Amino acid sequence: MKTQDEHLDGLYGLPAHIFPQEEDQEQLPDPASVAWRIGYERWTHPDPWHETFERFCAEVDLTRVRALIIGCWDDPEDTDPADVIEGLLAVRDRLPDLRSVFLGDITDKECKLSRIAQTDVTPLLDAFPALEELSLRAGEADTMDGELKLRFPDLRHDSLRRLVVESSGLPADVVRGVAASELPALEHLELWLGRSDDGGDCQATDLAPILAGDRLPALRHLALCNSEIQDEVATAVASAEVVDQLDALALSMGTLSDDGALALLGGRPLTRLKRLDLHHHFLSEPVQDRVRQALEASDVEVDLDRDCVLDVTGPREPGRRHYGLRDTDICVGPDSH
């Protein structure tokens, strides 16, 4: 199974640069030329995140910073990034050019995706009306103070072009919040839906406002992936009006079977797509061939890499969702633990 083993190497088209530790002496790059990573690998440095950020604010011209990558904050399994968000909000007037934020660049070695505590991230969007990209990794933590999980109440944001939420169990209320939001500039939407064991209680019906397309007139890339209900999602997408406006569609990293793929082929034409990403699937060879034959002649790039799926075949049996595999045997996508 694949995991997030490496930190981001870039963001917003800029190379990532780790803001150095206090004892390191190095010449800092032009503030506008890199995506600044704030936070060090877990367990390697004693400084709290907020102290590192205070040094960053003192040493770097914030008015020219365009992209921020937020790494580990204190203990991501027991504390959410509310203090991180408050820190960014405190200097919002000094960050006029900030266009992209990645909240939670945390590897699997540092913390499993399902255990990364999160919070309400919409204050970032409210505070930075010119922000164009927001990406984050989100799990859930149970503490004495309650559950620390992602929240995304609906909002309006006129500049956001890219929204990515990577999760092994995305709460339905987050999906509904995104679906109810007014995001007229959004071009790229990527939601990792996950599985119920990790809190992913979203149903295909929760996606209806997204699939209608009218709330997201600029949307060109839609990814609804890493899901244990991938067939149901594919079936809903098959008849969705939003398909007609897309350049790229991804239903990857989940439990997609022949049923979902055939529903997709029987729905609205996919030939206007430039790319269809179905990698990490459970399709039989004949159905894979049908997908290729239906789309590649129209110059649609099709990704049918089986990735880390176990190579097991055979007829379905009662109580088994995929060929030779029980539901409990399946690891959904690259980050499900």
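The values are calculated or read from the model by the stated rules, or taken from the named source; none is laboratory data. These numbers were taken from a predicted model, which means no experiment stands behind them. Here Cβ is always computed from backbone atoms with ideal geometry, including for glycine, and neighbour counts include all displayed protein chains. Remember, those area values only see protein heavy atoms, side chains included, never the ligands or the DNA or RNA. Shrake-Rupley method; radii C 1.70, N 1.55, O 1.52, S 1.80 Å.
Scan segment 113-136 and give yes if some residue there is out of contact with any helix residue (DSSP H, G or I) (no Cβ under 8 Å at 6 or more places or on another chain) and either closer than 19 Å to Leu211 by Cα or among the basic types (Lys, Arg) (or both), otherwise no.
So far as segment 113-136 goes, yes, one or more of its residues are out of contact with any helix residue (DSSP H, G or I) (no Cβ under 8 Å at 6 or more places or on another chain) and either closer than 19 Å to Leu211 by Cα or among the basic types (Lys, Arg) (or both).
Inspect all residues belonging to segment 188-196 and state whether any of them is at pLDDT 95 or above, buried (at least 16 other Cβ atoms within 10 Å of the Cβ) and within 19 Å of Val84 (Cβ to Cβ).
No, because not a single residue in segment 188-196 is at pLDDT 95 or above, buried (at least 16 other Cβ atoms within 10 Å of the Cβ) and within 19 Å of Val84 (Cβ to Cβ).
Only one of Pro48, Pro29, Pro81, Pro96 is surrounded by fewer than 16 Cβ atoms within 10 Å (Cβ to Cβ) and touching a Ser or Thr at 6+ places or on another chain (Cβ under 9 Å). Can you tell me which?
Pro96
Of the residues that sit in segment 265-303 and are out of contact with any Ser or Thr (no Cβ under 6 Å at 6 or more places or on another chain) and small (Gly, Ala, Ser), which one is most open to solvent (accessible area, probe 1.4 Å)?
Ala297
Considering every residue within segment 165-177, establish whether at least one is modelled with pLDDT of 95 or more, open to solvent by 20 Å² or more (accessible area, probe 1.4 Å) and more than 24 Å from Ile69 (Cβ to Cβ).
Yes: segment 165-177 contains one or more residues that are modelled with pLDDT of 95 or more, open to solvent by 20 Å² or more (accessible area, probe 1.4 Å) and more than 24 Å from Ile69 (Cβ to Cβ).
Cβ-Cβ under 9 Å, sequence separation 6+ or interchain: first residue in segment 184-204 and at positive phi, partner outside any loop (DSSP other than H, G, I, E, B) and hydrophobic (A, V, I, L, M, F, W, C). Which pairs?
Between residues of segment 184-204 that are at positive phi and residues that are outside any loop (DSSP other than H, G, I, E, B) and hydrophobic (A, V, I, L, M, F, W, C), the close pairs are Gly194/Leu113.
Kindly state which strands (runs of 3 or more DSSP E) lie completely within segment 57-154 and contain at least 3 residues that are modelled with pLDDT of 95 or more.
67-70, 100-103, 133-138
Assuming Leu8 fulfils every condition listed in (1) surrounded by 19 or more Cβ atoms within 10 Å (Cβ to Cβ); (2) in contact with a strand residue (DSSP E or B) (Cβ under 7 Å, 6 or more places away or on another chain) apart from one, which condition is it?
Every condition holds for Leu8 apart from (1).
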